[in-house]
Each structure stands twice: as structure tokens, then as C-alpha cells.
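To start, the structure itself, in C-alpha cells.
Read-outs throughout are calculated quantities, based only on the coordinates presented, and are distinct from any laboratory measurement. This one's a predicted model, so the numbers in the text were calculated from it and none came from an experiment. When we count neighbours, we look across all protein chains shown, and the Cβ atoms used for this are built from the backbone with ideal geometry, even at glycine.
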Amino acid sequence: MAHLLHTSFVPSSSALRRAPAICRKTASPVVVRAKIREIFMPALSSTMTEGKIVSWTKSEGDKLSKGDSVVVVESDKADMDVETFYDGYLAAIVVEEGAVAAVGSPIAFLAETEDEIPHAKSKASSSSSSSSVSSPAPAPSQQAESQPAKVAAPVSTAAPPAVASTHPASEGGKRVVASPYAKKLAKELKVELGRIVGTGPLGRIVAKDVEAFAAAGNVAAVAPAPGKGVAPAGVELGSVVPFTTMQSAVSRNMVESLAVPTFRVGYTITTDALDALYKKIKSKGVTMTALLAKATALALVKHPVLNSSCRDGNSFTYNSSINVAVAVAIDGGLITPVLQDADKVDVYSLSRKWKELVDKARAKQLQPHEYSTGTFTLSNLGMFGVDRFDAILPPGTGAIMAVGASQPTVVATKDGRIGMKNQMQVNVTADHRVIYGADVASFLQTLSQIIEDPKDLTF
């Protein structure tokens, strides 16, 4: 019995003195209480302080098995499925879809048996009354004003137009809630998600909704270029828009970066040989991002201090892996997918991995290790024609490199003649507590040599 209860049984001395010579064992009833567990808002990244419930994939009363997906949470970086670690029943949902909860706070209760569901609901009620969870709700005046509009709406004989999903996590219709595959399918079929009525859980748009919409001959209309005084689509001039979860995380990181003393070093690199190599192997699926990441990683091998990090202000770490994070702009924010061990992986595999990471980033499906393990960051605005810029150092890293566009430039050749070469400007922002000017200069010289003679990039 002591083993079953996971505790030790030690008899008292008085009990030993009064113990009879013959003991009779009598069966005593054992009360086994079922467990009620809280499902907490998980920390899906090192910078996450709160999360928004995108959708509950299970309903109250549903039976759950260990490993089942229960809820989709919007973190500061991605939308992620959260699984249960126990068998049981989803007894009570504390935080509804569209609401925000702090990391570590309860969002639901799990009962071990059906009999415990009422008790779990009681605990959920007391928990809800004592905790403050922000949930988007229309103002009473807005609700009152909207009622007459519905009554006075004229009846149209034409077919009703498609309307956007009103999923609770859609922030009042400002955000389209759709499955990752539905988003991908909509892009391929050139369908505007905002015009589709979702038939998934609580109005979430799923793949079959997109297919049905496209089959009906509906395509996204091309809006005319906004004229003077006309706001871009989806923008209401004069409105105050609260930060999304991702924008809040970016804001915190940018403010935190101000505490780090940084400096910047620029360098001009000739890219003729790199451009020629890219044209040669582009048909094999190689991307310029992968080539730049590979070249950077090989340079970092020779200059490990650029790959180091200082977190406590008293020491710094030479990171054991070279994980190159690359900034990607996505709807509503910025994320840095990570090419892990970029110095050891061939450029063809890096290119395939990069395409996979970008697709997952835009579908908000990246896992924490795919965006939070970078040791050096690249930010490339060259595809927009930007010739040079400075990047802000992400907290917890030693350096970030801003890459400009490769442009034809008139230069003087070694024999004194005037020639034309393609050149790009790169600017490194570094943590001056650990990295010094000579360190960055030496690193950029090595990077320039690798890019101007890129034979090692394809091995």
C-alpha cells in the first residue's frame, strides 16, 4: 500500500508497544480520486509572454488521448498546435477563441473521468472569476447601432455575395483565419481569402472552402492603384491599431536591443563571380539566400568571435554551432528562420531547407527551434533595389549583417583602366562588448574573398 500511494509508512513507537502478538489484517477501503489537470498557456518561444487562442480543435466534453492536438495558439512568431500530455476529457475551456492569456496561466481544465467534469467546471468558474483575460468584444453602443442596420437592409434578388469569415480570432474581421493548406491553395488559385465563408470550426477557412469558391468562378479582383487621399486596401486612415502578438514581441526586442552598445562597419564586395555561379546552378534549385548564408557561415568558421553572444554582460559564449538566421518579412511582422549548421550543409540542401522554412514562416507554422536558435543574422533588402542600410542587432546575438543590392559599378582596374563590375554593399552591426572593429574588418575581408572566388560554396 505504501508503494501505491508513493509515500513511506513508519509506525509510531506507541503503536509498536501495543501491537498484539497476532495481527488480523482487515481490508480498508481505498479511495482513488480522479485527477483534474490545468492546461496552461505554453511558452512557445523564449520571448513569448502571452499567447492568443486562434481556435480550439476540441470541444468541451470531448475525450482526449495523449498527443492529441487541443488548441491552436498564436505566439509571437507562429501559430502552433498545442497537444495534451494526458488522457482524459476536455472538461472546461477558460480562455475562449480570440482571447489572450499570459504564459503559464490556465486556459482549460482536463478531467481524468467523465464523473469529474462537473468538478472541473466548478474549478474553471472560480479560476475565470479570479483571473483577468482580455477578450475582444464589441462595445454596447456598436451592438445597438448594428441592430437597426440589419432590419433596414434592403432585400436583394441577386445571389448574396461571399463575406469574410467571422471567426472569434479574426479580430473583428481584420484577420483571416484559415488553415495553412487553405492559404497555400488560395495563393495557387489566386483566390482572395477575405471573400470566403469558412465552414471549419467556428468559421475557420479550410481547403474545401477555397476549392468550392474557385470552382464557382470567383477570382480575386485587382484593385486600382490608390489615388490621392485613398488609403490602401484594409487600412482605415485615422484609426488606432493595437499591436498584434508578433508586433508586440518585435517591439520588446527592439527596445531591449537599445541596451547593447553597438557599432557598424561597411564593406564593398565584387559579386561578378558569385552572380555567374548563381546563374549556373540556379536551375538546380539553388537560391541566392542559400549562397550568401553558406559564404557567411564559411567566413564565421575562421572568425568565431562574430558567432559569439553576450547575454549577462559579464561573459560571452563561443557558440558551438553556426546557425545563420535570415530575416523574412511576413504579414504583420518579421521572423528569422534559421539555417542550422550552415557551414556543414551543402548549398543544395540549404536551398531546399530555406524554401521549406519560408513556406512554414508565411503559414505561421515554424517550430521554436526553427526561428530561435540563430547565432548570426542576415538581413537582405537587395531584392528591393536597396543599395545599403543598417540593421538592428537582435538580442542575444553578437552580430547582424545587412546586405544591399548587387549593382553595376564603374571601377578602376589594376592596370589603370576604367571597367564595369557588379558590387554590393554589406554593413555589419556588432556588439561592442565582445566584438571589436578589427574583428569585423577581418571577417569582412574573408567574406569578400569567399564571394569573389566562390569555388568552395558548392562543396
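Summarising the amide proton neighbourhood of Leu64: residues at separation of 5 or more, or on other chains, whose placed amide H is nearer than 5 Å comprise Gly88, Tyr89, Leu90. Amide H contacts under 5 Å for Ile330: Ile335, restricted to partners 5 or more places along the chain or on a different chain, H placed in the peptide plane at 1.01 Å from N. Cβ-Cβ distance of Glu38 and Glu211, R₀ of 41 Å, FRET efficiency by 1/(1 + (r/R0)^6): the value works out to about 0.55. Amide hydrogen proximity for His432: with H placed 1.01 Å from N in the peptide plane, the residues at 5 or more positions away or on another chain lying under 5 Å are Thr262, Phe263.
With Cα atoms as the point set, the radius of gyration and Dmax of region 410-449 evaluate to 14.5, 43 Å.
Would you please put 293-301, 182-190 in order of how densely packed they are, using the mean number of other Cβ atoms within 10 angstrom per residue and starting with the highest?
Numbers: 293-301: 23.8, 182-190: 17.1.
Most protected by this proxy first, the peptides run 293-301, 182-190.
Multiplying the residue separation of Asp359 and Met420 by 0.36 nm and removing their Cα-Cα distance gives an extension gain of 18.3 nm. Comparing Leu447, Val428, Leu378 along the charge dipole axis of region 332-459, the residue lying farthest to the positive side is Leu378, per the Cβ-charge model. In order along region 298-306, the phi-based Karplus estimate (6.51 cos²θ - 1.76 cosθ + 1.60, θ = phi - 60°) of 3J(HN,Hα) comes to 5, 5, 5, 4, 8, 9, x, 5, 6 Hz; Gly and Pro are listed as x. The string of couplings for region 101-109 from the Karplus curve (6.51, -1.76, 1.60, θ = phi - 60°) is 9, 6, 4, x, 8, x, 10, 6, 10 Hz, one whole number per residue in order, with x for Gly and Pro.
Kindly state, to the nearest 0.05, the FRET efficiency for Glu452 paired with Val386, given R0 = 25 Å and r defined as their beta-carbon distance. Before the final figure, lay out the partial values.
Numbers: r = 22 Å, r/R0 = 0.86.
Calculated value: 0.70.
The modelled label-to-label distance between Glu192 and Ser349, using points 7 Å beyond Cα along the C-beta direction, is 4.4 nm. For the listed peptides 308-316, 413-421, 380-388, 80-88, a ranking on the average number of other beta carbons within 10 Å per residue, highest first, reads 80-88, 380-388, 308-316, 413-421. Applying 1/(1 + (r/R0)^6) with R0 = 56 Å to the Cβ-Cβ distance of Asp272 and Ser65 gives a FRET efficiency near 0.40. Put simply, the Cα atoms of region 317-459 extend 54, 34, 33 Å along their principal axes, the longest span coming first. The protection proxy used here, the mean number of other Cβ atoms lying within 10 Å of each residue, ranks peptides 36-42, 250-256, 107-113 as follows, highest first: 107-113, 36-42, 250-256. In this label model, Thr373 and Leu258 are separated by 3.3 nm, measuring between points 7 Å along each Cα→Cβ vector. List, in the order given, every pair from Lys284/Lys421; Lys183/Lys284; Lys282/Lys302; Lys187/Lys282; Lys52/Lys355; Lys280/Lys355 whose Cα-Cα distance in the structure shown is over 21 Å. Long pairs (Cα-Cα over 21 Å): Lys284/Lys421; Lys183/Lys284; Lys282/Lys302; Lys187/Lys282; Lys52/Lys355.
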